[in-house]
Structures are given as structure tokens and as C-alpha cells.
1. Please tell me if VAL158 is within 8 Å of the ligand (Cβ to nearest atom), more than 13 Å from the chain's Cα centre (by Cα), under 22 Å from LEU36 (Cβ atoms) and not aromatic (Phe, Trp, Tyr).
2. Take segment 210-226 and flag every residue that is open to solvent by less than 50 Å² (accessible area, probe 1.4 Å) and among the small types (Gly, Ala, Ser).
3. Looking at this structure, is GLY60 modelled with pLDDT of 95 or more, open to solvent by less than 60 Å² (accessible area, probe 1.4 Å) and out of contact with any helix residue (DSSP H, G or I) (no Cβ under 8 Å at 6 or more places or on another chain)?
4. How many residues does segment 12-45 contain that are modelled with pLDDT of 95 or more and either over 23 Å from LYS150 (Cα atoms) or of a type in the set (S, T, N, Q) (or both)?
5. Mind counting the residues in segment 155-175 that are assigned to a helix (DSSP H, G or I) and surrounded by fewer than 22 Cβ atoms within 10 Å (Cβ to Cβ)?
6. Looking for whichever is among the acidic types (Asp, Glu), open to solvent by less than 40 Å² (accessible area, probe 1.4 Å), closer than 21 Å to ALA37 by Cβ and within 16 Å of the ligand (Cβ to nearest atom) here; the options are GLU206, GLU231, GLU191. Which one fits?
7. Which residues, taken from segment 192-219, are of a type outside the set (A, V, I, L, M, F, W, C) and modelled with pLDDT under 95?
8. Quick check on segment 69-76. Is at least one of its residues open to solvent by less than 30 Å² (accessible area, probe 1.4 Å), closer than 26 Å to CYS215 by Cα and β-branched (Val, Ile, Thr)?
Amino acid sequence: MKASCLIVPMLALMPVAALAQDAPASDANVQISERLAAVLRTGRSVVSANQDLINDPEIGDKGLTPEVFLEQVNERFEKQTGKAILSDTLSPLERELAEAQLAAMRQVIADNQSVINSPGVGFKGFIPAVFARLTNEHFAEAMGATAKVKVTAPLDLVRNRKARPDAWEAEAIKDYLRQADWEKGKPFFEEVDDNGVSVFRMLIPEYYSESCLSCHGSPKGEMDVTGFPKEGGEAGELAGAISVTLRR
Ligand code: HEC
């Protein structure tokens with residue numbers, strides 16, 4: 001299905017005045033959004049790769065400084081994509097966004113040094129989802145209205161109030177990402193009107209894997225290690241989405 005096919009059905013639900021159906025602009029926005037999501041996911045996976053170390057009560061200073069962390073993020077991203085996060089092929093906007101994401105990650109790791117390094121404590125609550133939320137908060141502070149990244153989830157699954165889907169996200173999750181015939185992993189995007197300004201919005205679906213189920217799995221309602229009731233999720237089910245908003 002082409003992008004234009006995706007844009008049409010939502011129109012019936014969300015009347016938009018100024019729709020920028022300019023395909024090249026949309027392509028660029030898709031690419032920018034996917035990159036924002038990829039960098040965020042890389043940061044999360046570095047937290048995940050260090051989770052046992054972070055959770056180790058025997059070690060005080062973990063050596064997981066902002067510098068070490070960012071080095072691992074850059075390395076991992078380059079390994080996966082063949083390109084550096086701050087590759088010199090980036091457009092000025094892409095570079096600005098990537099730099100803001102890295103600065104946000106640096107800040108989160110710096111802010112949490114005393115948590116990460118607290119001796120005698122096992123589980124510290126410093127997990128990929130928390131890291132991602134804090135990173136996105138700093139990123140939003142730096143980018144203002146230009147770009148926003150958020151990890152959200154269907155309303156019945158959402159844990160943190162700050163991650164609650166807004167009306168557009170809730171509807172797009174329900175009508176597209178959660179539909180049985182929605183192609184796995186395919187993002188949903190469209191241009192929406194926000195008080196006369198055309199805004200690009202995109203949702204990139206995320207699914208539970210086995211590794212998520214110790215917290216989000218069964219038995220539903222039982223407390224997980226973080227103090228939240230488990231959702232009863234199963235591997236392969238939609239867990240949430242990375243939501244990107246671009247105003248430019
Ligand atoms: C150690 C327990 C744990 C594991 C494992 C875990 N999560 Fe979470 N997850 C949480 C917590 C706690 C939050 C809320 C974080 C916050 O404060 O923002 C969360 C938040 C989320 C959110 C954001 C929306 C919300 O509910 O606030 C999504 C989406 C999500 N998790 C998906 C996953 C996926 C997919 C995996 C596996 C790849 C996973 N989680 C693994 C504990 C966990």
C-alpha cells in the first residue's frame with residue numbers, strides 16, 4: 001500500500017483544512033521520523049544491554065558514564081545501520097535532531113549516575129522505558145514545537161500518565177495499528193491540521209517480545225518488579241508505539 005492510501009481513510013475521521021499532500025515532503029518526514037525512532041531504540045537497547053550491570057547490587061561505580069553510554073549508542077547504531085548517528089550526509093535539520101537526542105541521552109545518564117551507582121541496591125527502576133521517557137522529555141525541551149518523540153500505548157495498557165495517547169494517537173492505534181490485518185511493523189502517518197498549521201504525525205508500532213513479559217505478561221494484574229500490575233500481554237501483541245510529531 002502506498003502512503004497516500006494510508007492518509008485517505010483518516011480524513012473521514014479527522015477533517016483537516018490544510019492538508020499538505022506533498023509527497024516529497026511526506027517522504028522526508030517519514031525518513032526523519034524513522035531515524036528519530038531508530039536512535040531512541042538504540043539508546044533503549046544500550047540500557048537493556050547494561051541492565052544486569054545496572055541492577056548489580058555488588059558493584060557501586062558501574063563506569064556507565066554519559067561518555068561510555070554514548071560511545072555504546074554510537075557503536076551500536078553504526079553496526080546496525082552502517083552509518084554514524086551524526087553522519088556527514090545528514091541534512092541540517094536531521095543533524096540538529098540527532099544532536100538533541102544524543103544530548104538528551106547524555107543528560108539522562110548524567111542525572112541518574114547516583115541511582116545507577118548506588119551500592120547494595122539491586123533493581124533500581126532504571127529501565128529502557130524510563131530512560132526513553134526521560135530522553136524524550138529533554139528532547140522536547142530542546143526542540144520546542146519543531147519535533148516531539150513520545151512512547152505511547154493503547155489506553156488500556158498505558159502505565160505512565162505522561163505516556164497516555166492523545167486523541168489522534170488513540171484513534172490511530174485503534175483504527176490502524178491494532179487492526180488484525182495491519183501489516184506488522186508498518187508505521188501509520190498523516191498530515192493533520194493544528195489550528196491552521198499542517199503537522200506531520202507518525203506512529204511506529206512496538207510489540208511485546210518474550211523479554212517484555214516478565215513485566216507486561218501474565219498473570220494479568222500480578223505486580224511486576226517495578227510495582228505495576230502486569231498487562232497479560234503476549235509475545236507479538238501490540239505493546240505501544242513511538243509517536244513522532246514534526247512541525248516545520
Ligand atoms: C522491568 C520491567 C519491564 C520490562 C522488562 C519491560 N517494561 Fe515496558 N514498561 C515498564 C515500566 C515500569 C513502564 C513505565 C515507565 C515510565 O515510568 O515511563 C513501561 C512502559 C512501557 C511503554 C510506554 C507506555 C507506558 O505504558 O507508560 C511501552 C510501549 C512498553 N513499556 C513496552 C515494553 C516492551 C515492548 C518491552 C519489551 C521489549 C518492555 N516494555 C519491557 C516496565 C517494563
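1. In short, yes.
2. GLY217, GLY221
3. Against the criterion (modelled with pLDDT of 95 or more, open to solvent by less than 60 Å² (accessible area, probe 1.4 Å) and out of contact with any helix residue (DSSP H, G or I) (no Cβ under 8 Å at 6 or more places or on another chain)), GLY60 qualifies.
4. 5
5. 9
6. GLU206
7. Residues satisfying the conditions are ASP193, ASP194, ASN195, GLY196, SER198.
8. Looking for residues that are open to solvent by less than 30 Å² (accessible area, probe 1.4 Å), closer than 26 Å to CYS215 by Cα and β-branched (Val, Ile, Thr), one finds at least one in segment 69-76, hence yes.
The values are calculated or read from the model by the stated rules, or taken from the named source; none is laboratory data. The model shown is predicted, which means the values in this text are computed figures rather than measured ones. No Cβ is skipped: glycine too gets one built from the backbone with ideal geometry, and neighbour counts run over all protein chains shown. These area figures cover heavy atoms from the full protein model, side chains too; ligands, DNA and RNA do not enter into them. Shrake-Rupley method; radii C 1.70, N 1.55, O 1.52, S 1.80 Å.
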